[in-house]
Structure formats: structure tokens, C-alpha cells
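The structure under discussion appears below in the form of C-alpha cells.
All of the numbers you see were taken from the coordinates with simple rules; none came from a lab. No experiment lies behind these values; they were computed from the predicted model shown. Glycine also receives a Cβ, built like all others from the backbone with ideal geometry; neighbour counts cover every protein chain displayed.
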Amino acid sequence: MDKVVRISDGFWNIRGSFRVFGLLDIGTQASLVRLARGGFVLLDSYTLTGAVEADVRRLTGGGGQLEAIINLHPFHTVHVEAAARAFPNAKLYGTGRHASRFPALAWQPERTETEAFAALFADDFDFTVPPGVDFVPSNENLHFASVLAIHKASRTLHVDDTLSWLPIPFAGRVGFHPSLGQVLQRRAGAVAEFRAWAEGLIERAAEIEHLCTAHARLAKVRGAAAIQAELRSAYARVEATLEAHEARYG
């Protein structure tokens, strides 16, 4: 069932439904975030209905205070058109793949995977894209890369697919998407670039108090120390993949 989860003052995570082959609901997410200057943005698109839509419109003055819809994962496209219709006055941002998939929509020129886009919202967010991997691989089943959004005021990381909460029996843990080995670029230096990015994200996690992940479920981990430990463990578990790729390509 769709719901809005208040993460902190000014940050609400929307838990939505996404069914694989119409059967297994693996879930999806969007987040409503209040900007420091006033107004709101929606991280990722979702088709809002019922009580969830009512909550979002109540928070945003009937939708009039929603300044932008920011699509962060190139392969999360199911709800793009519906969100754009629901909030026609919000500026629409997306990756290059979003714009090519829906050319009739009124996209802003800055693509969300670029530094030009990140500069537009630098007062409120740090946006980061994992390097050394294919952002849009030719095999469209490989959904590793996305634009990660760190909301500075609430110390919240919103991430799709690149990192997920894995509800393993009797526990749970954060993990990198299993397609990492297939999307690492086949060239010298790709692993070194990814390592530097991952280690930088782990270091930055010392300032992250909340983690919002898309599929499976909302990450059940809170606090900087716990999140940093989860990211370290996730990184350690892909070490064999990174070593094997580096040994082959440099």
C-alpha cells in the first residue's frame, strides 16, 4: 500500500508499488523535499493517488509550491508522464534517456547526470553519479547506475538501485546492485575511478543520518555510524568483482 513516510523536517519519502511481470511487488520510491528558499522538489516520479496524493498536495499548497520534478534513474520511467501531468507547472528534469524516451514533454535543458544540473540545486543537494560504470548500458536490464541525491539540511541520501536494502532472512543489509560486474567499463582505470567514488561516499556517510532506498523496502538503518558501517560492508562484498575486473582490464 502506498504511503508517505516523514524522514525528517522537510523530507518525506513516498513508498510506492512496482510489480515485476505484474506479480511480485518489489516497490519503488519518490521523495518530496522542501528547499531552503521555500518551495519543494520531487525526487523521482510516481503516480500519486488517494491519501498519498492528498498529503503531497496539502504540503505543497495544492501542488503550486512544487517547483521541480527531478528524475534520477535513467531506467525508472514508468511514472514520468503521470507526474508531469499531475504537476504541469513544475519544471521537469531528467537524464538523457528520460528526454529521449519522452520527447514531447517539456524537459529543462540540464540533464540530471551533469554538473550543470547539480549546480542549479547546490544550495540544497549534493548530486553524485558513480564513475567507471556505464550510466546507460546497451543491455537495458542492467540498472546499476543512477544519480544519488544527498539532501544537506536533513542529512538524507536518496538512492535508486545503485544501493538497495536487502531484506535477507532475520536481518537486512545495504548492498550494491548485483549488476556491478556487468556495467564496469572495459578499460584501464575504470575500477580505480569507481573505488575512489565509493570510498568518497563512505567518507561522506559520516554526515548522513537517513537512507532512502527504492526497491524491496525502505532501508532499516538510521544514524551516521550505522549507515557508514553498512556502506563499508557493501563495498567489501564487491571487492572480488572489482579485483577480477581490474586484473583483466587494468
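Descriptive notes on the structure:
- Summing Lys and Arg as +1 and Asp and Glu as -1 over all other residues whose Cβ lies under 15 Å from the Cβ of Arg187 gives a net charge of 0.
- Relative to the longest principal axis of the Cα atoms of the chain, the long axis of helix 239-249 makes an angle of roughly 70 degrees.
- Across all Cα atoms of region 132-250, the radius of gyration (one decimal) and Dmax (whole number) stand at 14.2, 42 Å.
- Unit charges on C-beta of K, R, D, E only; dipole of region 3-249, Debye: 540
- Proximal charge balance of Arg204 [Cβ under 14 Å; K/R count +1, D/E count -1]: -3
- Here Lys3 is the anchor, and the lysines within straight C-alpha reach of less than 20 Å, apart from those fewer than 8 places off in the same chain, are Lys220.
- Lysines with Cα under 22 Å of Lys91, excluding same-chain neighbours fewer than 8 positions away: Lys152
- Each of Leu43, Leu184, Leu201 has some number of other Cβ atoms within 10 Å of its Cβ, and from fewest to most they run Leu201, Leu184, Leu43.
- Cβ-to-Cβ counts within 10 Å put Ser233, Ser154, Ser146 in ascending order as Ser233, Ser154, Ser146, the fewest first.
- Whole-Hz couplings from phi, Karplus 6.51/-1.76/1.60, listed for region 126-137; x for Gly and Pro: 10, 9, 9, 10, x, x, x, 10, 6, 5, 10, x
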